[in-house]
Amino acid sequence: MSNLSGECLCGAVSYTCDSDAVMAGHCQCTDCQKISGAGHISNIAVPKDSLNISGKLTYHEKYAESGNLITRGFCPHCGSHISAENSGMPQFEFLRAGTLHDLEKFRPSMVVYSGSGASWDYMDPDLSKFEKMPDSKLIGAEKAITE
């Protein structure tokens, strides 16, 4: 049985993941603001080898402020963002929380690039906040930190 599952708006792309989330949080960088059309994107990091994607994704690549290459996968039919890869953290796939079948499986514990956040994009004050991207060791340890 899958721990996480989800799909795009039209159902042409779906995924299952047989691992729990390693990290869950919000990103308020300007790139995420633009691709979401909102103040942030909510992500769940999972081990890349635990994810099975069905259907064809289209990809867009862009270098982030950090210098890492971000590869974003989206449905070519409806445009829903499904996942992203970060060259600085190649062991993880970042799933878009809004694509989950069960939204309650998203339990955010951090906000990255909070320094770029808009004043109207309210974030829970109890979440850990990072002005920029934290060291990838913190991302990998996030599960241990929140348990």
Restricting attention to the range 51-73, which residues are in contact with a Ser or Thr (Cβ under 7 Å, 6 or more places away or on another chain) and at pLDDT below 95? Asn68
Which of (1) over 24 Å from Ala12 (Cβ atoms); (2) in a helix (DSSP H, G or I) is the odd one out, the single condition Gly98 does not satisfy? (1)
Find all pairs meeting these conditions: Cβ atoms under 8 angstrom apart; at least six residues apart or on different chains; first residue within the range 10-27 and closer than 16 Å to Val46 by Cβ and in contact (Cβ under 8 Å) with a residue 12 or more places away in the chain; second residue of a type in the set (Asp, Glu) and outside any strand (DSSP E or B). Val22/Glu142; Met23/Glu142; Ala24/Glu142; Gly25/Glu142
Where the second residue is hydroxyl-bearing (Ser, Thr, Tyr) and assigned to a strand (DSSP E or B) and the first is buried (at least 16 other Cβ atoms within 10 Å of the Cβ) and lies in the range 41-54, which pairs have Cβ atoms under 7 Å and are six or more apart or on separate chains? Leu51/Tyr15; Ile53/Tyr15
Residues that are buried (at least 16 other Cβ atoms within 10 Å of the Cβ) and touching a helix residue (DSSP H, G or I) at 6+ places or on another chain (Cβ under 8 Å), drawn from the range 89-107: Met89, Phe92, Glu93, Ala97, Phe106
All but one of (1) surrounded by fewer than 18 Cβ atoms within 10 Å (Cβ to Cβ); (2) among the aliphatic types (A, V, I, L, M); (3) farther than 23 Å from Val112 by Cα; (4) out of contact with any helix residue (DSSP H, G or I) (no Cβ under 9 Å at 6 or more places or on another chain) hold for Leu69; which doesn't? (3)
Single residue of the range 101-147 satisfying the filter (assigned to a loop (DSSP other than H, G, I, E, B) and under 12 Å from Val22 (Cα atoms)) that is modelled with the lowest pLDDT: Glu147
Scan of the range 66-98 for residues that are within 15 Å of Ile35 (Cβ to Cβ), without any contact (Cβ under 8 Å) to a residue 40 or more places away in the chain and of a type in the set (A, V, I, L, M), ordered by number: Ile70
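The values are calculated or read from the model by the stated rules, or taken from the named source; none is laboratory data. From a predicted model like this one, the values you see are computed outputs, not experimental measurements. Here the Cβ is made from the backbone with ideal geometry for all residues, glycine too, and neighbour counts use every protein chain on show.
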